[in-house]
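**Q** Okay, handing you the structure first.
The values are calculated or read from the model by the stated rules, or taken from the named source; none is laboratory data. It should be emphasised that the depicted structure is a prediction, and the values quoted were computed from it without experimental measurement. Virtual Cβ from ideal backbone geometry, glycine too; neighbours counted across all protein chains shown. Ligands, DNA and RNA are stripped out before the accessible areas are found, and what is left, the full protein with its side chains, is counted by its heavy atoms. Shrake-Rupley method; radii C 1.70, N 1.55, O 1.52, S 1.80 Å.
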Amino acid sequence: MALTAGIVGLPNVGKSTLFNAITKAGVEAANYPFATIEPNVGMVEVPDHRLNDITKLVRPKKTVPTTFEFTDIAGIVKGASKGEGLGNKFLSHIRQVDAICQVVRCFDDGNITHVSGKVDPISDIETINLELIFADLDTVEKRMARVAKIAKTKDKDAVAEMEVLEKLKEALENNQLANTVEFYDEQLPYVRNLFLLTRKKMLYVANIGEDEVADPTGNPYLAQVVALAKTQGAEVVPVCARLEEEIAELDDEEKQIFLEDYGMTESGLDRLIKKAYSLLGLATYFTAGEQEVRAWTFKVGMKAPQAAGIIHSDFERGFIRAETLSYDDLMSYQSVAKAREAGKYRSEGKEYVVQDGDIMLFRFNV
């Protein structure tokens, strides 16, 4: 899948440190603004215990996890929508991502300079969101100038679009994100055609201190971010970027010991990756055989032929049927043969909507 989640934030909030941990890419992480100028793109493996469970039963020669993209985008500053700092680069790069992971500093450290001189996560969020809002407002106003002339002729489409534009303009002028504004189904095409930045899905990543990872609930900065996110229908994932960068360098056994020492059952990065994956509307199906057990990423709502096409275009073009078994049923019966005997192994046609956790065998003829 070509979808990507962009990591954004003010300078020195831990974006690049987090990106280093996610991708082990070793991009520059320096204690000064704009250490990240060009966007760094990295593929991440999606942690999924189901892949390991299937592997234990099938015992293939190899196991292949699924992946998706994270993009680390230059730090933003106040005035970016007017070209301040690296504003123009920031806006062009963020237009290319499908969801936004906004890293917010929620820890105190006198050795790490904050661009505004103090730690204030709500102010940081407002700075970024306002720049996105200003950019969207500019887009809406430019479109209104063109559509208004046509709407005067009583053109039905233009009149309908003007209603949408006016609603968006009012919301943006009141500092509302476009993704908090509700529209009728027939209005959505007009909204989508604007490619607004604040229509993108948003996830807040609260970068907390090392001593808070086991129980971050006492962090007052985090509490502020959670309260704000609720008003936007957004989610928050607390992580300690510095700690996650250390964890990323460990092998699986060392990682487990490290997590236990810190009172964690899974790393913050694993939670972040899974949340971002879900935010993008992605899910996973599996293929399983003696040669290989593999996880495949698909878009929620895909039908069987399109999901088959992710493996190879011939699978979609010559699709006949999909032999399907759910992960839960495989775990219940502990073998494909026993699941088949119990009637849990199904043959699905072209209209079947693939479900997260399906184990698929595609039949096709080209």
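**Q** For the residue pair Lys274 and Thr217, what label-to-label distance in nm results when each label sits 7 Å from Cα along the Cα-to-beta-carbon direction?
**A** Modelled inter-label distance: 1.9 nm.
**Q** Still on this structure, I have one more. So between Asn174 and Ala145, what do we pick up on full extension, going 0.36 nm a residue minus the alpha carbon distance?
**A** Fully extending the segment from Asn174 to Ala145 adds 8.4 nm.
**Q** With every protein chain kept in the model, how would you rank Phe70, Phe315 by accessible area, 1.4 Å probe, largest at the top?
**A** Result of the area sort, largest leading: Phe315, Phe70.
**Q** Would you mind telling me which residue in Thr265, Thr71, Thr198 has the biggest mean-square fluctuation in a Gaussian network model of the chain, where springs connect alpha carbons within a distance under 10 angstrom?
**A** Thr265
**Q** Also, quick follow-up: Which pairs, out of Lys149/Lys299; Lys169/Lys230; Lys142/Lys274; Lys152/Lys200; Lys56/Lys255; Lys303/Lys344, put more than 29 Å between their alpha-carbon atoms?
**A** Lys149/Lys299; Lys142/Lys274; Lys152/Lys200
**Q** I would also like to ask the following. Using θ = phi - 60° and the Karplus curve 6.51 cos²θ - 1.76 cosθ + 1.60, what whole-Hz ³J(HN,Hα) does each residue of the stretch 158-170 get, with Gly and Pro shown as x?
**A** Each residue of the stretch 158-170 in turn: 5, 5, 5, 5, 4, 4, 5, 4, 5, 5, 5, 4, 4 Hz.
**Q** Compute the Cα gyration tensor for the chain, then decide on rounded, prolate or oblate, letting a ≥ b ≥ c be the square roots of its eigenvalues: rounded whenever a/c is under 1.5, prolate when a/b is larger than b/c in the other cases, and oblate in all that remain.
**A** The shape class here is oblate.
**Q** Give the shape of the stretch 100-215 as rounded, prolate or oblate, defined through the alpha-carbon gyration tensor: a ≥ b ≥ c are the square roots of its eigenvalues, a/c under 1.5 means rounded, and otherwise the shape is prolate if a/b is larger than b/c and oblate if not.
**A** prolate
**Q** Give the accessible area for Ser278 in Å² (nearest 10); use a 1.4 Å probe, count only protein heavy atoms, and leave out ligands, DNA and RNA.
**A** Counting only protein heavy atoms, Ser278 exposes about 80 Å² to solvent.
**Q** Here is a further query. Let's test the formula: R0 of 22 Å, r as the Cβ-Cβ distance of Val159 and Tyr184. What FRET efficiency results, to the nearest 0.05?
**A** E(calc), rounded to 0.05, equals 0.95.
**Q** Quick one: how many Å² of Ser123 are accessible to a 1.4 Å probe, rounded to 10?
**A** Ser123 has an accessible surface of roughly 50 Å² with all protein chains in place.
**Q** As a test of reading the structure, rank Asp136, Asp251, Asp328 by solvent-accessible area (1.4 Å probe, protein chains only), most first.
**A** Asp328, Asp251, Asp136
**Q** Asp53 to Val366: FRET efficiency via 1/(1 + (r/R0)^6), r the Cβ-Cβ distance, R0 41 Å, to the nearest 0.05?
**A** About 0.80, to the nearest 0.05.
**Q** Using Cα springs under 10 Å in a Gaussian network model of the chain, which residue among Val147, Val44, Val354 shows the largest mean-square fluctuation?
**A** Per the Cα network of the chain with a 10 Å cutoff, Val147 tops the list.
**Q** Something else: Could you run the Karplus curve 6.51 cos²θ - 1.76 cosθ + 1.60 with θ = phi - 60° over the stretch 225-237 and give me ³J(HN,Hα) per residue in whole Hz, x for Gly and Pro?
**A** Residue by residue, the stretch 225-237 yields 5, 4, 4, 5, 4, 4, 5, 10, x, 9, 10, 10, 10 Hz.
**Q** Taking only Cα atoms and a 10 Å spring cutoff, compute GNM fluctuations for the chain and point out the largest among Ala151, Ala241, Ala288.
**A** Ala151
**Q** Also, I was wondering about something else. Over the heavy atoms of Val159, what accessible area does a 1.4 Å probe trace out, to the nearest 10 Å²?
**A** 60 Å²
**Q** Only residues of the stretch 39-61 count here: report those whose backbone N is under 12 Å from the spot 7 Å along Cα→Cβ of Glu246, or say none.
**A** Output list for this probe position: empty.
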